[in-house]
Protein chains: 2
Amino acid sequence: MKNSIKVERAKKDLTQADLAEKVGVSRQTINSIEKGRFVPSTILALKMAEVFKTSVHEIFSLEEVDWQG
Amino acid sequence: MKNSIKVERAKKDLTQADLAEKVGVSRQTINSIEKGRFVPSTILALKMAEVFKTSVHEIFSLEEVDWQG
DNA sequence: TCTTTATGTAAAGTATAATTTATTTTTAGT
DNA sequence: ACTAAAAATAAATTATACTTTACATAAAGA
């Protein structure tokens with residue numbers, strides 16, 4: 001799964017720590033998601049969408065590999 | 001978090017088992033998510049949206065309680 | 001009634017999301 | 001070059017999504 005968290009943060013001028021605080025997780029969790037190491041829960045994705053005032057689809061998108069396995 | 005999986009399944013005439021097979025999880029996992037016992041991963045939510053040909057937001061929505069805690 | 005299909009739950013186990021603490025590396029500003 | 005903020009990463013721990021197996025119930029049809 002790809003994500004555009006870094007771009008959305010830039011648009012709103014938010015640091016990873018800022019975003020973490022707004023959605024209620026740790027700074028490292030945001031970093032791990034942004035780097036593609038963790039797949040966030042749907043609740044967390046919806047919260048990010050709300051903070052960025054956009055849709056989940058604008059932030060996260062499936063890749064072919066996500067349908068394999 | 002609320003969800004309208006049952007309604008979306010009805011629209012597409014899919015059983016829990018049908019949906020499970022399409023998104024690659026077990027039937028019990030679908031049941032647990034539909035009943036609100038499990039919060040799905042963002043990958044799973046995106047797959048459901050694709051199967052239902054709609055958005056994650058149409059299927060899942062945050063409640064006040066999700067922002068507490 | 002008997003059978004089949006769909007659903008709801010539960011317990012035990014595995015995989016992984018998320019936390020905490022900590023260190024290192026980048027980046028930006030002066 | 002120096003400093004400070006931001007970002008990247010890691011190890012250990014905790015919480016929880018998801019699987020598997022299993023059983024129970026309700027509805028519909030033969």
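Brief remarks follow.
- Residue selected from segment B:33-56 under the condition within 22 Å of residue A:57 (Cβ to Cβ) and open to solvent by 50 Å² or more (accessible area, probe 1.4 Å), by the criterion nearest to DNA strand C (Cβ to nearest atom): B:39
- Where a residue in segment B:7-33 is away from chain A (no Cβ under 14 Å) and its partner, wherever it lies, is near DNA strand D (Cβ under 9 Å from one of its atoms) and open to solvent by 90 Å² or more (accessible area, probe 1.4 Å), with Cβ under 9 Å and at least six apart: B:15/B:27; B:16/B:27; B:16/B:28; B:17/B:27; B:19/B:27; B:20/B:27; B:20/B:28; B:31/B:37
- Which listed residue is loosely packed, with under 15 Cβ neighbours inside 10 Å, within 14 Å of DNA strand C (Cβ to nearest atom) and over 17 Å from residue A:47 (Cβ atoms), from B:12, B:22: B:12
- Being at pLDDT 95 or above and near DNA strand C (Cβ under 9 Å from one of its atoms) holds for only one residue in B:5, B:30, and it is B:30.
The values are calculated or read from the model by the stated rules, or taken from the named source; none is laboratory data. Predicted model only: the values in this text are computed from it and were never measured. Using ideal geometry, Cβ is built from the backbone for each residue, glycine included, and neighbour counts are taken over all protein chains shown. To get the accessible areas, we keep the full protein, side chains included, count just its heavy atoms, and leave off ligands, DNA and RNA. Shrake-Rupley method; radii C 1.70, N 1.55, O 1.52, S 1.80 Å.
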